[in-house]
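For reference, the structure is listed below as structure tokens.
Only the coordinates and a few stated rules stand behind these numbers; no lab work does. Bear in mind the structure is a predicted one, so any value in this text is a computation, not a measurement. Neighbour counts are summed over all protein chains in view; Cβ atoms, including those assigned to glycine, are modelled from backbone coordinates with ideal geometry.
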2 protein chains.
Amino acid sequence: MTQELEPGMGNDRTHPFRIDGLQYNNWSEKIFRQWREGGLDAVHVTIAYHENFREMVQVIERWNRWFEAFPELIVLARSAGDVRRARDEGRTAVVFGCQNPSPIEDDIGLVEVLHTLGVRFMQLTYNNQSLLASGCYEANDGGVTRMGREVIREMNRVGLVIDMSHSGERSTLEAIELSQRPIVVSHANPHAWAPALRNKSDRVIKALAASGGMLGFSLYPHHLKDKSACSLEAFCEMVARTAELAGIEALGIGSDLCQDQPDSVVQWMRMGRYTKRMDYGEGSAAQPGFPPQPDWFRDSRDMARIEAGLRAVGFSERDTARVLGENWLRFFEAGFGPMQADAREAA
Amino acid sequence: MTQELEPGMGNDRTHPFRIDGLQYNNWSEKIFRQWREGGLDAVHVTIAYHENFREMVQVIERWNRWFEAFPELIVLARSAGDVRRARDEGRTAVVFGCQNPSPIEDDIGLVEVLHTLGVRFMQLTYNNQSLLASGCYEANDGGVTRMGREVIREMNRVGLVIDMSHSGERSTLEAIELSQRPIVVSHANPHAWAPALRNKSDRVIKALAASGGMLGFSLYPHHLKDKSACSLEAFCEMVARTAELAGIEALGIGSDLCQDQPDSVVQWMRMGRYTKRMDYGEGSAAQPGFPPQPDWFRDSRDMARIEAGLRAVGFSERDTARVLGENWLRFFEAGFGPMQADAREAA
């Protein structure tokens, strides 16, 4: 298995692998074409916020229509090999993920079913308490629950990657500890840099990296210092500081791009069906909708700007390539298949 | 509204109201006839352990068939008035309840729908963590969650009674505090008497009673001192001590009778769909099934023995009548309808 990749190895690529560790756009041909323009080889796309199993399947049905309609632009990826193949063919590989365990409902048997359907990431919580763990918006974080322990074991077995982006501190640390395989925070930044509830403590980032996990840096304004006004330089300097803290191998991009979405979608993301009252989440009554993107990352075509920005703050070509995509690809390689027998026995 | 009832006020009743605050039997004509023989005026029956909404509706469909088949024995009760009417007609009133919030899934809108369908009790948790609160089997009890607070408010509004029988200590105390209306522990005993995880601390029992709530004493062997070997006298003395602790008004019976059930049902109760491994719950590998009932409470026909047992340990006729059913009836009277406007404003 290739652990190190040469830049421009794809047959029509002149830049290193580019992978976005999380997007949730209002999908359209326009966006798929922007993926190609931005040179994105793979994108982890959210197929469920609060959807139950059947509703998630409906989202997959919509994706199946897009795969059928735009075969020259996009293709489903079930493995790192599929991502390499997509790059060779000049297409963007789509990796399915869920931001919430709502699609497995209360049924551990659905973990394997999700994997069979192509899902490769699942968050154990989304802001609120789930059946598995506590979200970062709960006043109290009781950690990983009884069902959570069982589900982690099962996710490990089948190769469904645990994502703790929206989880509480204690739950995240416990998931890192309990999981027999590395886990991810697909989209968040260091709390020390921008003190959003969603951002992660140095303790979490270090534990994540030490266990072979990955942190995807978020471009969502509520996770940035100075929000929409954050500069590219400030963002890239934060990446550099995180590399010092956690090592370069643990870092990727998870832009959390929510492009072309009506504000009704951010309400669904924040509230689902849990309350009858307004919950502004990271917004406020004065700014209830999606915040404007920073002017240097408006959509996927701006991935090259981040590449240039990292070089400008001193990252080598090699390390820039790692952060832009190679680290994610290496993680996909190890994370998406069934757990090896020897690891299972040790578990 | 009648707060005090005279014994034998029903047109064919010579004993005071008899109400069982929880049963989960393998329902049959035999059992409905035993209800009549035992003089039961009302029974709170469990219609969901881990069922989701649609599955709970299927259970209601089964009850609708029984109501149609045995109109001389049973009738659905939506109110205390329905219970009085059933008694006058010589029938047993059936009150629907859920032991888990699984039927509302992640959707607060289903709270009102459940009430419309006749459900009058819902536990916020069943042993494990739910979306609303922590169960008594979790190592950590984070208390009532964000969604839990919203759902308590909505349950209060429509008149769906909060039941914390299977919840953790902290969650139970918080639910008592957060709820604008009295809540119940429909089936459990004092932990000081029998130290099962499911039994309740004196602190919980006192807080419950102080807020106008109710405790239904369980006859399930795992909740009894000396389990299946518990004597009627020991049980009744425990009731007397609890009356000293919490006052007679807060006490009723919630037998937790699980009659004629195959052991596959206790597995469903304990495990639902949360794990692929065996969970023996209150049982063990050596005793995985339902434990045998104490010989003085084999089925609903033995309610009269409890009545006699309470009299034997010194309860007055008046207080015995309260514990056997009048307290439950008074609670139904206040608890099953929409919250009054003045209470809503204060909330």
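Observations on the model:
- Normalised contact order of region A:19-346, rounded percent, pairs of Cα under 8 Å and 6 or more residues apart: 19 percent
- Most to least packed among B:69-76, B:15-22 [average Cβ atoms within 10 Å]: B:15-22, B:69-76
- Placing dummy labels 7 Å off each Cα toward the beta-carbon, the span from A:Gln340 to B:Ala229 is 5.4 nm.
- Cα-Cα over 28 Å, subset of A:Lys30/A:Lys200; B:Lys225/B:Lys276; A:Lys206/A:Lys227: A:Lys30/A:Lys200; B:Lys225/B:Lys276
- Peptide A:268-274 has a mean shielding of 4, counted as Cβ atoms of other protein chains within 10 Å of each residue's Cβ.
- Residue among B:Ala308, B:Ala42, B:Ala80 with the largest mean-square fluctuation in a Gaussian network model of chain B, springs linking Cα atoms under 10 Å: B:Ala308
- Distance in nm between pseudo-label sites at B:Ala312 and A:Glu29 (7 Å out along the Cβ direction from Cα): 8.5 nm
- Counting Cβ atoms of other protein chains within 10 Å of each Cβ in B:94-107 and taking the mean gives 2.
- Other protein chain Cβ atoms within 10 Å, averaged over every residue that makes up B:142-155: 5
- When you count the other C-beta atoms within 10 angstrom of each residue and take the mean per peptide, A:197-210, B:163-176 line up highest first as B:163-176, A:197-210.
- Euclidean distance between Cα centres, region B:187-218 to region A:11-53, Å: 54 Å
- Here the calculated FRET efficiency for A:Ser284 and B:Asp202, from their Cβ-Cβ distance with R0 = 51 Å, stands at 0.70, rounded to the nearest 0.05.
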